[in-house]
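Structure record follows, encoded as structure tokens.
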Amino acid sequence: MALKIRLARGGAKKRPFYRIVVADVRSPRDGRFIEKVGLYNPMLPKDHADRIVLDMERIQHWMSHGALPTDRVLRFLDAAGVMSREARSNPKKAEPGTKAKERAEAKRQAAEEAAAAAAEAAGGGEEAAAE
């Protein structure tokens with residue numbers, strides 16, 4: 001049986017509250033779980049003591065039995081100093097799409113053409129004044 005340490009959502013609409021549970025990977029997110037090993041309340045301030053509550057003894061027990069934490073739970077464990085999580089980097093995420101690149105290139109070309117036309121008009125006016 002493959003196990004995950006993951007979040008199970010509770011709380012009302014727009015008022016999330018999560019239990020950190022050990023569950024079979026085949027069970028639904030908010031469905032059946034084996035054991036509750038913590039709580040996460042994102043509505044509390046980040047520095048509040050009750051925002052994340054972890055039962056470290058039970059989490060380590062389940063991890064020794066092969067349970068793998070999800071990415072969000074791994075973040076909590078990393079903050080608690082139990083496990084280490086590598087920082088992720090996606091440099092292409094902030095890069096504009098192909099259409100946006102095409103629009104920017106067309107805008108740049110139009111600006112260059114307008115600047116060249118203005119320089120040509122200003123240069124032609126100076127030559128007429130010199131004669």
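The values are calculated or read from the model by the stated rules, or taken from the named source; none is laboratory data. Note that the structure is a prediction, hence the values are computed from the model and not measured. With ideal geometry, Cβ positions are generated from the backbone for all residues, glycine too; neighbour counts draw on all protein chains shown. The accessibility values were calculated without ligands, DNA or RNA, using every heavy atom of the protein model including side chains. Shrake-Rupley method; radii C 1.70, N 1.55, O 1.52, S 1.80 Å.
Annotations
- Dipole magnitude for the chain: computed about the Cα centre from +1 point charges on Lys and Arg Cβ and -1 point charges on Asp and Glu Cβ, it is near 1620 debye.
- Taking every DSSP bridge with both residues inside the chain, close to 90 percent are antiparallel.
- Apportionment of accessible area to carbon and sulfur, the stretch 3-80, percent (1.4 Å): 51 percent
- Heavy atoms of residue 25 accessible to a 1.4 Å probe, total area in Å² rounded to 10: 70 Å²
- Residue 61/residue 95 FRET efficiency (R0 41 Å; Cβ-Cβ; nearest 0.05): 0.40
- Taking all protein chains into account, the per residue accessible area for the chain stands at 74 Å² (1.4 Å probe).
- Dipole of the stretch 3-80 [Lys/Arg +1, Asp/Glu -1 at C-beta], most positive-end residue of 49, 66, 27: 27
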